[in-house]
Amino acid sequence: MRSNASNDPSSDGAAASPRAVSPRGGRPAHSLESTSGSGPEWNPDSNPVSLSISELAHRCQVSTRSLRYYEEQGLLLPSRNAVGHRRYQAKDADCVGFIQRLYGVGLPSDLIRTVVQEWKLPDSAPRVEALLRTRHAELSREAEELHAKLTGLEAVLNAVTDNS
């Protein structure tokens, strides 16, 4: 079985969309713009278009397995048609891009779920920012700890090579 620290199933051969995606369209307080440029925005109020799971997967360049995983994680909530098939709205494509961007920066599934659920609520930017800043601080501490370990290992390596 494949190991993936972020639990993102999109590494099963489907290419992650490199687009910059923000969860709210055109709202500066909620802007999550990428340094690589602009892209589609996740606008929950966009015109609904019914898409099948394969159509959404194709549009987002992800596998249907990824979309099912996102549903299992509570990140996407498709409706069902009369025969029980998943139906997605056009806005879900932008949401998938946002989810993939969060996975791409190394966030775990549980934090992504919290961020996506919070983001859908009114006036969520301060809460989402606090969640992401907390994660940033955690990763910064981990990076400092790793740097200290690397420095210690370099000292040991130098001692070993000096004695040979």
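The values are calculated or read from the model by the stated rules, or taken from the named source; none is laboratory data. What you see is a predicted model, and the numbers here were worked out from it, not measured in a lab. FYI the Cβ positions are ideal-geometry reconstructions off the backbone, even for glycines, and counts take in every protein chain you see. To get the accessible areas, we keep the full protein, side chains included, count just its heavy atoms, and leave off ligands, DNA and RNA. Shrake-Rupley method; radii C 1.70, N 1.55, O 1.52, S 1.80 Å.
What are the equivalent ellipsoid semi-axes of the stretch 119-164, built from the alpha-carbon gyration tensor (square roots of five times its eigenvalues), in whole angstrom, biggest first?
Numbers: eigenvalues 379, 6, 3 Å².
Whole-Å semi-axes of the equivalent ellipsoid: 44, 6, 4.
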- Message: As a test question: what accessible area, to the nearest 10 Å², does residue 120 have when a 1.4 Å probe is rolled over all protein chains in place?
- Response: 100 Å²
- Message: How far apart, in nanometres, would the label points at residue 80 and residue 143 be if each is projected 7 angstrom from Cα along the Cα-to-Cβ direction?
- Response: 4.5 nm
- Message: I'd like the accessible area for residue 134, computed on protein heavy atoms only with a 1.4 Å probe and all protein chains in place. Round to 10 Å², please.
- Response: 80 Å²
- Roughly how large, in nm² to one decimal, is the mean projection of the convex hull of the alpha-carbon atoms in the stretch 90-129? 2.9 nm²
- Query: Given just the C-alpha atoms of the stretch 38-164, how large is their convex hull per residue in cubic angstrom?
  - Reply: 157 Å³
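Taking R0 as 35 Å, what's the FRET efficiency between residue 123 and residue 90 from their Cβ-Cβ distance, rounded to 0.05?
Working: r = 25 Å, r/R0 = 0.71.
Here the calculated transfer efficiency is 0.90.
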- Item | Amide proton proximity set for residue 120, modelled H, under 5 Å, gap of 5+ | none
- Task: Can you tell me the FRET efficiency between residue 164 and residue 134 if r is taken as the Cβ-Cβ distance and R0 is 45 Å, rounded to the nearest 0.05?
- Result: 0.50
- Query: Rank 110, 94, 162 by accessible area, highest first, at a 1.4 Å probe radius?
  - Reply: 162, 110, 94
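First compute the accessible area of the stretch 103-152 with a 1.4 Å probe, then give the percent of it belonging to carbon and sulfur atoms. Please list the in-between numbers first.
Details: 1950 of 3270 Å².
C and S fraction of accessible area: 60 percent.
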- Query: Can you put 161, 114 in order of accessible area, largest first, using a 1.4 Å probe?
  - Reply: 161, 114
- Query: Taking a probe of 1.4 Å, how large is the accessible area per residue of the stretch 101-164, in Å²?
  - Reply: 70 Å²
